[in-house]
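The values are calculated or read from the model by the stated rules, or taken from the named source; none is laboratory data. No experiment lies behind these values; they were computed from the predicted model shown. A quick note on method: Cβ atoms are made from the backbone with ideal geometry, for glycine too, and the neighbour counts reach across all protein chains shown. Quick note on the areas: whole protein, heavy atoms, side chains included, nothing else; ligands and nucleic acids left out. Shrake-Rupley method; radii C 1.70, N 1.55, O 1.52, S 1.80 Å.
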Amino acid sequence: MITRNGLLLVFWFLLDKGFLASLHAPPQSRMGREQHLRGVEGLGLRRHVASGVQRVKRGWVWNQFFVLEEYMGSEPQYVGKLHTDLDRGDSDVKYTLSGEGVGTIFTIDQTTGDIHALMGLDREVKSYYTLRAQAVDMHTGRPLEPESEFIIKIQDVNDNEPKFLDGPYTASVPEMSPGGTFVMQVTATDADDPSYGNSARIVYSILHGQPYFSVDSKTGVIRTALPNMDREVKELYQVLIQAKDMGGQLGGLAGTTTINITLSDVNDNPPRFSKSIFHLRVPESSSVGSAVGKIRAHDLDSEKNAEVEYSIVPGDEGHMFNITSNGHSQEGIIVLSEHLDYETKRSYTFKVEASNAHLDPRFLHRGPFKDTATVKVNVLDVDEPPVFTKTSYTIDVYEDTPVSTIIGSVTAQDLDASNSAVRYSIEWKRPVDGCFDIDTVEGTISTNEMLDRESNRQHNISVVATKVNNPLLSNKVTVTVNVLDVNEFPPELTILFDTFVCENAKVGQVIQTINATDKDLPTVGQKFFFKSPREIRNRNFTVRDFGNNTAGIVTKRVGFQRRVQEYYMVPVVVEDSGYPAQSSTGTLTVRVCACETDGSLLSCTAEAVFLPVGLSTGAVMSILLCMVILLVIVVLYVGLRRQKKRETLMSSKEDIRDNVIHYDVEGGGEEDTHAFDMGTLRNTKAIKENMLRRGTGSWSDVTTQTEINGSTPTTEGSTDIIRDYIHQRLQENHLGFSAPPYDSLATYAYEGDGSVAESLSSIESWTVDGREDFRYLGEWGPSFKTLAGILDKDKADPPTAEVEES
């Protein structure tokens, strides 16, 4: 250190005396010259003298000072010196400094111009500072030199190690890759100045991870060092990478990072069964689709390369089973595809093949990527229900089969080793199932009652077979009983036709086609025969059988006339083809009608009377329409005339007849006489006077009646007199139009004897039948007891008219 300082002093002396003045350009001013000298001096303090003239030459950049970073001394670090030729050392010149960090980082001695750094500087924080210097008169403050700007640069030292900013790293490379396969590239950064020395020149090396991987010292590229690394042997590798500055020389700073390298899987391993034969057991009662067992072939690969597909090798006894692959567990699940029967077959042997679903062509040379194993399935015996010999039974029976007749049988047996006895029964679901019975031991089915095909053509019954040694085990079978038809019903005409025949019909003309139906089965394929009764000889019509279950009614003559005979009855015999044959007779009504010449119907009503005259249909309709119009005119005329006379008659309110006409309430009783005077009809004297006044009655008749009844006014038993009077007035009314109409008298005076309810008019309410007992009216309630007493009293005191008449 002493030697170094001594050399610097010598170098500074030479510069100060001007010995080296010829090596640089002349300064622009005297102060500038001093700045340059001080700058060189400052540079000389930082540089090693071994650099010689070359380093002094760099220092002649007039506007730069240099200072080392990370200064750790106890005194301020000397940076440089400012000096002007005007400064004669008498302290008349004052040096000022301004700019970045002045006062905090940098300071200047105003008298000597020495610049010092007050603290340690970090180039990585700030690499240079720009300042301004000026020399002024100490007393007046007048500038002696123009203000000059200069830069203080922070000289770098190797104080930062390389760093991996993104570490640690993760990478992968396929297994079985060749040597030199690229894995990844890492990069370290150094904060030191790369333009100065080797502080930032980095060299990469691998500290851990050999001999599997290597790293390029300059680029940091990592590659595989060994070929065909197997993931199934080792999957994860941890590699330690170092980055060192100073070109890797001794004393350089270093940084490290970790790289986790995984070998990714490739399909380089086939599946393999752990054993060559698998033993499985399954109960014979297992349902179709249920799992029998699981087998597994192990594949050392992972993910999709380890997916295994299972299949049953065709042949052997594998048809009873299926196998499916479980994508999660990579297991093969054996499933039952058909029903098992221990008594039929007790074991099954077949082969199963396991193969990879995704193959890699690069490794096919290693052999087939599949494996086979043998599976043996043993069937376990299970106590099972009885088994019927058939899945269903069908029995045909005639509907006239006698009761208790055996019509069929079912058979079931226990196939287990115990060979238990079986008992039979019928499961009653509907009331009609009671028509049959079954022998519990033999299984024979018989009838319990007579069958009727027309009520139920088919019976479906369920027969249950139960094991004796285990009643909980049972089985069912359906027995279908078809009731066969017995020809018990005769055929009948489908419709009892009402047809017609034209008056101009010809011989052999079919006037109607008929068919028949039969309640017996089958409805399809039945054969019917039609004919006329043998015992009846019909000269007008005959029956012709067409042979297709239809027949026609055919005329045997011409000249049918409606005026001679309007209706004809035609009997038809229909017979079926059953055994025994059944037949019935139906009667058709044939009406004679008028028809056109082409056979179309005109009419079967009164119009036919006019047809022989030769009138057409239009003419007949015109005549009928005229008659209807005339009839309407006559009715209107008569009605208007009667209405006019009724108004004239009712104009006088004092006329006795007005009271009779206005009476329109029936059933008023004996007390209902205030609306009119009933004495007019009961007093024969008044009747006689009226007859004399009219001049239409017979005096002798009235006299005769008067003599019979005496001079006493008639109150009872004058019904015949009143009836004769009313009839006489009606006759007068009918003979001429001069007499007023007394139709109302015919309505209310006497209503006739033909009515079952008899008369309800109050006009006859005073007539009482002496032979009737009215005491029963008292049972109808309090209101009728009074009426019963009145009627019984009248019965006890018979009218005088009846006594005299008797």
note = Apart from one, (1) open to solvent by 40 Å² or more (accessible area, probe 1.4 Å); (2) hydrophobic (A, V, I, L, M, F, W, C); (3) without any contact (Cβ under 8 Å) to a residue 40 or more places away in the chain all hold for ILE406; the odd one out is (3)
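Residue check: is PHE500 over 15 Å from ILE407 (Cβ atoms), open to solvent by 30 Å² or more (accessible area, probe 1.4 Å) and part of a loop (DSSP other than H, G, I, E, B)?
On the way: over 15 Å from ILE407 (Cβ atoms): yes; open to solvent by 30 Å² or more (accessible area, probe 1.4 Å): yes; part of a loop (DSSP other than H, G, I, E, B): no.
Spelling it out, it is not the case that PHE500 is over 15 Å from ILE407 (Cβ atoms), open to solvent by 30 Å² or more (accessible area, probe 1.4 Å) and part of a loop (DSSP other than H, G, I, E, B).
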Qualifying position, being open to solvent by less than 40 Å² (accessible area, probe 1.4 Å), under 30 Å from VAL403 (Cα atoms) and in contact (Cβ under 8 Å) with a residue 40 or more places away in the chain, among VAL554, VAL481, VAL574 = VAL481
request  = Quick one: SER455 ticks every box in (1) touching a residue at least 24 places away in the same chain (Cβ under 8 Å); (2) surrounded by fewer than 17 Cβ atoms within 10 Å (Cβ to Cβ) except a single one, so which number is it?
outcome  = (1)
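How many residues does region 313-371 hold that are under 30 Å from ALA417 (Cα atoms) and either β-branched (Val, Ile, Thr) or free of Cβ contacts under 8 Å to residues at least 24 places away in the same chain (or both)? Even if it seems obvious, please write down each step before you answer.
Going through region 313-371, the residues under 30 Å from ALA417 (Cα atoms) turn out to be 316-322, 334-350.
Okay, now just the ones that are also either β-branched (Val, Ile, Thr) or free of Cβ contacts under 8 Å to residues at least 24 places away in the same chain (or both), so 319, 322, 334-335, 344, 349.
Number of matching residues: 6.
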ask   = Failed condition for GLU384, given (1) within 30 Å of THR444 (Cα to Cα); (2) open to solvent by 70 Å² or more (accessible area, probe 1.4 Å); (3) touching a residue at least 60 places away in the same chain (Cβ under 8 Å); (4) not polar (S, T, N, Q), with all others met?
value = (2)
ask   = Would region 292-309 turn up any residue that is touching an Asp or Glu at 6+ places or on another chain (Cβ under 7 Å), within 18 Å of ASN269 (Cα to Cα), at pLDDT 90 or above and open to solvent by less than 80 Å² (accessible area, probe 1.4 Å)?
value = yes
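Can you report the number of residues in region 589-605 which are free of Cβ contacts under 8 Å to residues at least 40 places away in the same chain, part of a strand (DSSP E or B) and open to solvent by 50 Å² or more (accessible area, probe 1.4 Å)?
First, the residues of region 589-605 that are free of Cβ contacts under 8 Å to residues at least 40 places away in the same chain: 596, 598, 600, 602-603, 605.
Still in the list and also part of a strand (DSSP E or B): 602-603.
Now narrow it down to the ones that are open to solvent by 50 Å² or more (accessible area, probe 1.4 Å): 602.
Summing the residues that are free of Cβ contacts under 8 Å to residues at least 40 places away in the same chain, part of a strand (DSSP E or B) and open to solvent by 50 Å² or more (accessible area, probe 1.4 Å) in region 589-605 gives 1.
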remark   = Within region 503-530, restricting to residues that are open to solvent by 80 Å² or more (accessible area, probe 1.4 Å) and at pLDDT 85 or above, the one that is nearest to CYS604 (Cα to Cα) is LYS506
key: Selection from region 247-285 of residues that are more than 21 Å from LYS370 (Cβ to Cβ), modelled with pLDDT of 90 or more and hydroxyl-bearing (Ser, Thr, Tyr)   = THR256, THR257, THR258, THR262, SER264
note = Filter region 233-246 for residues that are more than 19 Å from ASP301 (Cα to Cα) and either surrounded by 19 or more Cβ atoms within 10 Å (Cβ to Cβ) or of a type in the set (S, T, N, Q) (or both); the one that is modelled with the lowest pLDDT is MET246
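Among the residues of region 580-588, is there at least one that is open to solvent by 60 Å² or more (accessible area, probe 1.4 Å), more than 17 Å from PHE500 (Cβ to Cβ) and modelled with pLDDT of 80 or more? Write out each step before concluding.
First, pick out the residues of region 580-588 that are open to solvent by 60 Å² or more (accessible area, probe 1.4 Å): 580, 583, 585, 587.
This time we only want the ones that are more than 17 Å from PHE500 (Cβ to Cβ), so: 580, 583, 585.
So of that shortlist, the ones also modelled with pLDDT of 80 or more come out as 583, 585.
Scanning region 580-588 turns up at least one residue that is open to solvent by 60 Å² or more (accessible area, probe 1.4 Å), more than 17 Å from PHE500 (Cβ to Cβ) and modelled with pLDDT of 80 or more.
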query = If you scan region 255-291, which residues turn out to be open to solvent by less than 30 Å² (accessible area, probe 1.4 Å) and under 30 Å from VAL203 (Cα atoms)?
reply = GLY255, THR257, ILE259, ILE261, LEU263
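Condition check ((1) touching a Ser or Thr at 6+ places or on another chain (Cβ under 7 Å); (2) open to solvent by 50 Å² or more (accessible area, probe 1.4 Å); (3) hydrophobic (A, V, I, L, M, F, W, C)) across all residues:
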position: GLU124; (1), (2), (3): no, yes, no
position: PHE150; (1), (2), (3): no, no, yes
position: SER172; (1), (2), (3): yes, yes, no
position: GLU175; (1), (2), (3): yes, no, no
position: GLY209; (1), (2), (3): no, no, no
task = For GLU161, state whether it is surrounded by 13 or more Cβ atoms within 10 Å (Cβ to Cβ) and either more than 60 Å from the chain's Cα centre (by Cα) or not in a strand (DSSP E or B) (or both).
result = yes
query = Under the condition of being open to solvent by 30 Å² or more (accessible area, probe 1.4 Å) and polar (S, T, N, Q), which residue from region 185-207 is nearest to GLN242 (Cα to Cα)?
reply = SER205
remark   = Of the conditions (1) farther than 18 Å from LEU602 by Cβ; (2) open to solvent by less than 70 Å² (accessible area, probe 1.4 Å); (3) out of contact with any Pro (no Cβ under 8 Å at 6 or more places or on another chain); (4) not in a loop (DSSP other than H, G, I, E, B), the single one that ARG544 does not satisfy is (2)
request  = Residues being open to solvent by less than 40 Å² (accessible area, probe 1.4 Å) and at pLDDT 90 or above: count how many of those fall in region 310-327.
outcome  = 5
task = Return yes when THR130 is open to solvent by 50 Å² or more (accessible area, probe 1.4 Å), in contact with a strand residue (DSSP E or B) (Cβ under 6 Å, 6 or more places away or on another chain) and assigned to a strand (DSSP E or B) and no when it is not.
result = no
message = Among the listed residues ARG201, ARG223, identify the single one that is among the charged types (D, E, K, R) and touching a Phe, Trp or Tyr at 6+ places or on another chain (Cβ under 7 Å).
response = ARG223
